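These notes are about the structure you will find just below.
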Amino acid sequence: MQQFPPEFPFDFNDLPTPAYLVGGWVRDRLLNRRGKYLDLDFVLPDKAVETANAIARKYRAGFVILDSERQIARVVFKDGTADFAQQMGSSLAADLGRRDFCMNAIAMECHELSEYIDPFDGIGDLKLKRIRMVAPENIAEDALRILRGYRQAAQLGFEIESLTRQVLIKLAPKLKSMAAERVRTELGYLLSIANGSQWMIEAISDRILEDWLPSQHLNSERFAKIENVISTLLARFPSLELFFSKQLSGDRYALVIIKLAALTNSATALETLGLSRVEQRWLVGILRYLPQFIGLLDNSSPKEQYKFFQPTLEFFPAIAALALASDYDLAAIAPWLEPWLNPDDAIAYPKSLITGDDLRKDLGIAPSPKIGELLESVKIAQVEGRISSREEAIALVKAIM
């Protein structure tokens, strides 16, 4: 008897007969693709939740019921998840007939992994690198499948079949009724893909996202350049990879917010997406300080550079990326990124020569906003190279007082 591939977190003997693997894992197996995270989907004629629960108990994995009415449960392993769903309809073919695209409507009986069940010629679509819907009503039933079609085209390097694309465009207004969290998550997937920006442009061109990203607020020209800009920055400054892959909220990364910032001219235009507080702070900050940064590129003093870095340190490379995508030269932007990458830089990260406690104890200054003003004067003198020690800082404060 065949065994599950070695990356599977449990043995096939734990499953009843019949049990079917469906969806993405089957598709990716046919394409010889393997992701870092194992995402399995099973269809069982009955007892789907009970089977999932038994596997979770045996392997001490997480267990959650996703949909009690439709009998769908998830088992969470260290490096993957396995979803178990009750078969919908009187047969497996009927169940597969409710899916989004033909390439995702291929199944394998778990005890016979060499045999494919393919009632809609999804294998033929894979060979043609084509995304083709099973039926228009399936797309209408869950409008998020509209956006998923564009995401999977980017993910797989496929084209959307002409009739299918026409249906996606026609049904696009239904996306308006989708929960913001679901749309936000799907956009995050799309923008995280290497060539996702191109298919994002296609979706915008088809007006798929008009209710979520109004075209009058978009900067498509800048967005079209952001992918190459990020590649250019990483080639020059490889350590920026840590910044672009910084996790901001859930499974969304800095890269996604940077691309959204490149796409829009107005942070308020994206409020409907329901971004997290930190994501919104980044988005607003990037767009707010971009014009100021561009104004400083031709000529700026150490004081102006210090003043600019202080409120933008958290997301400064994002501002640099948008400036580069706005056709400003890397030769002008690089001298700003170099100090940002250097934690010992005297302008971006000036070390404190004195503290508020020093001013209270040594100079007898009472607690007040004046202390903050004096400390800021010390920092500016420090970045301008006029002082470099605690003694000089104290002398400066005395002179000011």
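Scan the range 309-365 residue by residue and report those that are of a type in the set (Phe, Trp, Tyr) and within 25 Å of residue 385 (Cβ to Cβ).
Those that are of a type in the set (Phe, Trp, Tyr) and within 25 Å of residue 385 (Cβ to Cβ): 309, 316, 336, 340, 349.
State which residue pairs qualify: first residue in a helix (DSSP H, G or I) and inside the range 357-369, second residue surrounded by fewer than 13 Cβ atoms within 10 Å (Cβ to Cβ) in any location, beta carbons under 9 Å apart, and separation of 6 or more residues or different chains.
Every condition considered, the pairs that remain are 360/366; 360/367; 363/398; 363/401.
On the given criteria, is residue 321 in the same structural domain as residue 230 (by TED's automatic domain parsing), touching a residue at least 12 places away in the same chain (Cβ under 8 Å), out of contact with any His (no Cβ under 8 Å at 6 or more places or on another chain) and among the aliphatic types (A, V, I, L, M)?
Here the answer is yes, as residue 321 does meet what is asked.
Of the residues 247, 280, 310, only one is buried (at least 17 other Cβ atoms within 10 Å of the Cβ), among the polar types (S, T, N, Q) and without any contact (Cβ under 8 Å) to a residue 24 or more places away in the chain; which?
280
Which one of these does residue 108 not meet: (1) part of a loop (DSSP other than H, G, I, E, B); (2) of a type in the set (A, V, I, L, M); (3) more than 24 Å from residue 144 (Cα to Cα)?
Condition not satisfied by residue 108: (1).
Residue 364 is checked against (1) of a type outside the set (D, E, K, R); (2) in contact with a helix residue (DSSP H, G or I) (Cβ under 7 Å, 6 or more places away or on another chain); (3) not assigned by TED's automatic domain parsing to the domain that holds residue 324 and fails just one. What number does that condition carry?
Result: residue 364 fails condition (2) only.
Quickly run through the range 324-342 and pick out the residues that are part of a helix (DSSP H, G or I) and farther than 17 Å from residue 243 by Cα.
Result: 325, 330, 331, 332, 335.
Residue check, residue 184 against (1) part of a helix (DSSP H, G or I); (2) modelled with pLDDT under 95; (3) over 10 Å from the mean Cα position of the chain (by Cα), all met but one. Which one?
Condition not satisfied by residue 184: (3).
Please count how many residues of the range 21-70 are more than 24 Å from the chain's Cα centre (by Cα) and either assigned to a strand (DSSP E or B) or assigned by TED's automatic domain parsing to the domain that holds residue 158 (or both).
So the count comes out to 10.
Is there any pair with a first residue in the range 106-117 that is under 16 Å from residue 28 (Cβ atoms) and without any contact (Cβ under 8 Å) to a residue 40 or more places away in the chain and a second that is among the charged types (D, E, K, R) and surrounded by fewer than 17 Cβ atoms within 10 Å (Cβ to Cβ) whose Cβ atoms are under 9 Å apart and which are 6 or more apart or on different chains, and what are they?
none
Quick check, is residue 33 on the phi > 0 side of the Ramachandran plot and not aliphatic (A, V, I, L, M)?
It is false that residue 33 is on the phi > 0 side of the Ramachandran plot and not aliphatic (A, V, I, L, M).
Restricting to the range 250-277, give me the number of residues that are without any contact (Cβ under 8 Å) to a residue 40 or more places away in the chain and not small (Gly, Ala, Ser).
Residues that pass the stated criteria total 3.
Just to be sure I understand, how many residues within the range 250-263 are at pLDDT below 95 and over 18 Å from residue 151 (Cβ atoms)?
Residues in the range 250-263 being at pLDDT below 95 and over 18 Å from residue 151 (Cβ atoms): 1 in total.
Yes or no: the range 102-119 includes at least one residue that is in the same structural domain as residue 185 (by TED's automatic domain parsing), surrounded by fewer than 20 Cβ atoms within 10 Å (Cβ to Cβ) and charged (D, E, K, R).
no
Every residue in the range 76-101 that is surrounded by 18 or more Cβ atoms within 10 Å (Cβ to Cβ) and either on the phi > 0 side of the Ramachandran plot or under 27 Å from the mean Cα position of the chain (by Cα) (or both), please.
77, 80, 82, 83, 84, 99, 100, 101
All but one of (1) assigned to a strand (DSSP E or B); (2) at pLDDT 95 or above; (3) surrounded by fewer than 17 Cβ atoms within 10 Å (Cβ to Cβ) hold for residue 73; which doesn't?
All conditions are met except number (3).
For residue 218, which of the numbered conditions (1) outside the structural domain of residue 315 (by TED's automatic domain parsing); (2) closer than 19 Å to residue 172 by Cα; (3) surrounded by 17 or more Cβ atoms within 10 Å (Cβ to Cβ); (4) touching a helix residue (DSSP H, G or I) at 6+ places or on another chain (Cβ under 7 Å) fails to hold?
For residue 218, the exception is condition (1).
The values are calculated or read from the model by the stated rules, or taken from the named source; none is laboratory data. Predicted, not measured: the structure shown is a model, and the values here were computed from it. All Cβ positions, glycine included, derive from the backbone under ideal geometry; neighbour counts span all protein chains shown.
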